[in-house]
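The values are calculated or read from the model by the stated rules, or taken from the named source; none is laboratory data. Keep in mind that what you see is a predicted model, and the values were worked out from it rather than measured. When we count neighbours, we look across all protein chains shown, and the Cβ atoms used for this are built from the backbone with ideal geometry, even at glycine. Side chains are part of the model used for accessible areas, which takes the heavy atoms of the whole protein and leaves out ligands, DNA and RNA. Shrake-Rupley method; radii C 1.70, N 1.55, O 1.52, S 1.80 Å.
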Amino acid sequence: MDIAIIMGSDSDWGVMQKAVEVLKNFGAEVEVTVASAHRTPQKVQNFVKNSDAKIFIAAAGMAAHLAGVVASYTTKPVIGVPLASEPFNGLDSLLSTVQMPPGVPVATMAVGGAKNAAIFAVQILAVSDKNFAKKIADYRAKMSAEVDAKSEKIQMSVSELK
């Protein structure tokens, strides 16, 4: 298994589905579960300790302790995705995810940054897997070409305004 995604609630799926789509597009093996750091801590512990994933992505809103709890149970990379929730629109989640004590790091993405979490996970895999390294390089080249095409389209629109 390449990557395990843990969501604190099934309501997080709307955001985290994007990460799964990206990971599958890169050909990564993904497993997904719902487990809460506060409501089902034993399930979180069992999942992490029994998973053969190389990387964990943990997504949660509000107090958002899930990524930190996951990191406490493994020495593998953990990527946190803070999720927007009321009443603070994700600021509480961001701060809960990013403020880890020394020695238990969590790579924290932007609020709702599921897609970047997936890409970052693939970049970690690419360090030791040439297949993923090529796919990331191809992805970046495609993004660059898309930006160039958009710029060209705008330049054509500008020239037509004369």
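Worth pointing out:
- Of all residues in the range 143-162 being over 23 Å from residue 116 (Cβ atoms) and not polar (S, T, N, Q), the one that is least open to solvent (accessible area, probe 1.4 Å): 158
- Test: residue 85 is under 15 Å from the mean Cα position of the chain (by Cα) and either surrounded by 10 or more Cβ atoms within 10 Å (Cβ to Cβ) or under 26 Å from residue 49 (Cα atoms) (or both): no
- Filter result (within 9 Å of residue 8 (Cβ to Cβ) and in contact with a strand residue (DSSP E or B) (Cβ under 6 Å, 6 or more places away or on another chain)) within the range 31-53: 34, 35
- Across the range 58-82, the qualifying residues are those that are closer than 22 Å to residue 115 by Cβ and open to solvent by 50 Å² or more (accessible area, probe 1.4 Å), and the one among them that is modelled with the lowest pLDDT is 62.
- Count of residues meeting criterion [open to solvent by 50 Å² or more (accessible area, probe 1.4 Å) and under 28 Å from residue 134 (Cβ atoms)] in the range 1-30: 7
- All conditions but one from (1) under 30 Å from residue 34 (Cβ atoms); (2) out of contact with any Pro (no Cβ under 7 Å at 6 or more places or on another chain); (3) modelled with pLDDT of 95 or more apply to residue 101; the one that does not is (3).
- Qualifying residue in the range 1-15 (condition: modelled with pLDDT under 95, in contact with a strand residue (DSSP E or B) (Cβ under 6 Å, 6 or more places away or on another chain), over 21 Å from residue 83 (Cβ atoms) and not in a helix (DSSP H, G or I)): yes
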